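The next block holds one structure in the form of structure tokens; read it before the comments.
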Amino acid sequence: MKLNVQDLTFSYEDKKILDGITFSVEEGEFVSLLGPSGCGKSTILKLLTGVLTPVKGSITADGQGIRGLSQAFSYMPQNDLLFPWKTILDNVCLYGQIHGSLDKVRQEARKRFLEFGLAGCEDFYPAQLSGGMRQRAAFLRTSLCQADILLLDEPFGALDVITRGEMQDWLLEMRKKLNRTVLLVTHDMDEAIYLSDRILILSQSPARITDELLLEEKSRSRDWLYRQGGLRKEIHERIMANTSL
């Protein structure tokens, strides 16, 4: 499913946060949003999910206008938000419970536990899992939603450096299997370089998209990432060029 965002503008208490944000994400593409802290990256995702309402602008998925809550999107926040009193199986089947398809979703979830590195954890509780395993459970829950567009809001930001790297490696492998359109918000330049087909750079608030970088390399590895010092410097310079200190 292709996503189009046109002239998206948002204000909070008379302070403009977004100023005419326009971009598109092609079907099956992985795009990251990078920008200064507090520039409004997460606000864009909240507007897409319908949690917030834009002052003006349009959002379309495969040409269909979207306003408010939509089944086109599934959203994964930074924290795993697993219910501590529910088993991992019950947690990942939350969408099925909400939408009245619990039995079907439970069957599908059980098939995917091995694929998501969670085999044998179906009857565990969140407190029994590591941070990385809880994030994989949260990602499984998100993927079980039938939405074609995944919105990832710094999904690994709360993890330690080593676990975050492991989860990035895991997501790089998983994206081939999921075959979904993905929009990622991150503060981590390496994460954006490692995972993305394109990177969109935002200015400080009120945010505008000031730059776009296309990453043509399809064969990613940690060794490849470590050699991207020049690209990392270029992205940093482009972000700082639109940031007042």
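Cα centroids of segment 184-245 and segment 1-48: 16 Å apart. Rounded to two decimals, the Cα-based Rg/Rh of the chain, with Kirkwood Rh, is 0.97. Pairs spanning more than 19 Å between alpha-carbon atoms, out of 16/56; 2/233; 176/218; 16/41; 46/218; 111/177: 2/233; 46/218.
In segment 1-51, what GluC sites (Glu not before Pro) fall in a loop by DSSP, with at most 14 other Cβ atoms inside 10 Å? Don't skip to the end; give the middle numbers.
Values: sites: 13, 26, 27, 29; in loops: 13, 26, 27, 29.
The qualifying sites are 13, 26, 27.
With the simple model of a label 7 Å out from the Cα in the direction of the Cβ, residue 103 to residue 86 spans 2.0 nm. For the pair residue 214 and residue 56, label points projected 7 Å from Cα toward Cβ lie 3.1 nm apart. Its DSSP H runs of at least 4 residues, each contributing -39,500 (n - 2.57), put the calculated 222 nm mean residue ellipticity of the chain at -10000 deg cm²/dmol, to the nearest 500. Using C-alpha pairs below 8 Å separated by at least 6 residues, the relative contact order for segment 1-78 is 35 percent. Legend: calculated FRET efficiency, residue 14 to residue 240, from the Cβ-Cβ distance at R0 = 41 Å, rounded to 0.05, equals 0.90.
Tell me which trypsin sites (Lys or Arg not before Pro) from segment 200-245 have a DSSP coil assignment and no more than 12 other beta carbons within 10 Å of their own.
On the way: sites: 208, 218, 220, 222, 227, 232, 233, 238; in loops: 208, 218, 220, 227.
Passing both the DSSP loop test and the Cβ count: 218, 227.
Using only side-chain charges placed at the Cβ, +1 for Lys and Arg and -1 for Asp and Glu, the dipole size of segment 83-154 relative to its Cα centre rounds to 160 debye.
Using the Cβ of residue 23 as centre and a radius below 10 Å, the other residues enclosed give a net charge of 0, where K and R count +1 and D and E count -1.
Only the coordinates and a few stated rules stand behind these numbers; no lab work does. Since this is a predicted model, take the numbers as computed values, not measurements. Glycine gets a Cβ as well: all are built from the backbone with ideal geometry, and neighbour counts include every protein chain shown.
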